[in-house]
Amino acid sequence: MPAASSGCPISTPEAVPTAASTLLGEARDRTDRLLEDWADRLEREIGGREGEALAYALRTPGKRVRAALVLAAYRSVGGVAPGIAGVAAAVETVHTYSLVHDDLPCMDDDDLRRGRPTTHRQFDIPSATRAGFLLVPVAARVLAAAAADLGLRPAALQRLASTPFEARGIQGMVGGQWLDLEAERRTLALPDLIAVHRGKTGALIRAACLAGGIAAEAGERELTALGGFGEEIGLAFQIADDVLDATGTSEELGKAVGRDALLAKSTYVSLLGVAPARAEAERLARRAVEHLEQGGVPSGALGALAGYIVSRSS
Ligand code: GRG
């Protein structure tokens, strides 16, 4: 489903390189189609308000940046099977889980997400909380189906199965979010802010890049390069998010803006200012591409996505 026809305010900025916009369009089409099928199936299977809330969250369209990174990473190391779209959908399911819980009143307390009411606003807090938890095993099922489709060897299968879920853990998304919540109304030193950003946002983005490489059964040198790329671009993504929260509009972003200032959060913008924050994101994007070059991984599509991530307007 193209975002432009979905009623969602996600649009591809004009400055986006063609390769990135093409890849994002493909990632949106293929991921949205798969998640729509899962949403139909799970709505029937789970039933009730939880089923409806879970399906609502799965159907809410995003930019699918993480899905595009999975596809691009997979192809950069020679992957060709269409089943990779299932891995991309699994990573987006983990991401969707994190957004449902992040928006809850006990966390960031947001009413609008992707141009629609957040799941707890559309339903209620208990249904959204339960739907969020249910999305985690759903992600495992989506990933298992994709892995079967790709016919991976056991070692790759084992590694692929753990990658997005390790990224969710205490060293990653949960740990980062935890630190983020604890840091409200406190000024963090830059190294502490980097730890928050790398955990809550960067870990899953790195996992998306690694998952693409693992699914293509890439060698260790290539996986190290993809992991390094993902790590830098994951941090750059959150810095760009900080900048957009301070400079973007609610219409462009499909969510409330100025939330970081309201919650008195330390961000790259509050610590460095808008222009230095942008410059740091761009520097990290260049470093991300250097990892690929050092590891002998062609940087075309991933480099274009890196450029998009730091120049996006939504
Ligand atoms: C219980 C402590 C604890 C943690 C739970 C909820 C959670 C784990 C973590 C939250 C992680 C999170 C939501 C980080 C923000 C990441 C981010 C910048 C999201 C926006 O991503 P986009 O712009 O969104 O790609 P779309 O809508 O396009 O998919």
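Relative contact order for the chain: what percent, with Cα pairs under 8 Å and sequence separation of 6 or more? Provide the component values of the computation, followed by the final result.
Values: 542 pairs, mean separation 68.8, N = 314.
Relative contact order, the chain: 22 percent.
Using mean Cβ contacts within 10 Å as the protection proxy, how do 82-90, 119-127 order, highest first?
Values: 82-90: 24.4, 119-127: 17.9.
The peptides rank, most packed first, as 82-90, 119-127.
Treat each spin label as a single point 7 Å out from the Cα along the C-beta direction, and report the Glu36 to Met107 distance in nm.
Taking the simple label geometry, Glu36 and Met107 are separated by 2.7 nm.
Give the peptides 147-160, 57-70 in descending order of average Cβ contacts within 10 Å, highest first. Kindly include the intermediate steps, with their values, before the conclusion.
Working: 147-160: 15.3, 57-70: 26.0.
Ranking, from highest mean packing down: 57-70, 147-160.
How would you classify the range 109-162 from its alpha-carbon gyration tensor, with a ≥ b ≥ c the square roots of the eigenvalues: rounded for a/c under 1.5, else prolate if a/b is greater than b/c, otherwise oblate?
Numbers: a/c = 3.87, a/b = 2.96, b/c = 1.31.
Judged from the Cα gyration tensor, the range 109-162 comes out prolate (a/c at least 1.5, a/b above b/c).
Put one equal scatterer on each alpha carbon of the range 241-305, apply the Debye formula with no solvent term, and list log10 I(q)/I(0) at q = 0.15, 0.20, 0.28, 0.29 1/Å to two decimals.
Computed log10 I(q)/I(0) values: -0.61, -0.82, -1.08, -1.12.
May I ask for the percentage of alpha-carbon pairs in the chain that lie more than 27 Å from each other?
Working: 18343 of 49141 pairs.
So the pairs more than 27 Å apart make up 37 percent of the total in the chain.
So for the chain, taking the charge dipole from beta-carbon charges (+1 Lys/Arg, -1 Asp/Glu), which of Ala155, Thr31, Val87 sits furthest toward the positive end?
Positive-end residue among those listed: Ala155.
With only alpha-carbon atoms in the gyration tensor, what are the semi-axes of the equivalent ellipsoid for the range 74-147, in Å, largest first?
Details: eigenvalues 171, 34, 15 Å².
Equivalent ellipsoid of the range 74-147: 29, 13, 9 Å, largest first.
In debye to the nearest 20, how big a dipole does the range 109-155 give about its Cα centre with +1 on each Lys and Arg Cβ and -1 on each Asp and Glu Cβ?
Values: 7 positive and 5 negative charges, 34 e Å.
Here the range 109-155 has a charge dipole of around 160 debye.
Starting with the highest mean, order 273-281, 178-186 by the number of other Cβ atoms within 10 Å, averaged over the residues of each peptide. Don't skip to the answer; put the middle values down first.
On the way: 273-281: 16.2, 178-186: 14.4.
Ranked by mean Cβ neighbours within 10 Å, highest first: 273-281, 178-186.
Readers should treat all values here as calculations from the given coordinates under stated rules, not as data from a laboratory. Since the model is a prediction, treat every value here as computed from it, not as a measurement. So basically every Cβ, Gly included, is an ideal-geometry build from the backbone, and we count neighbours across all protein chains shown.
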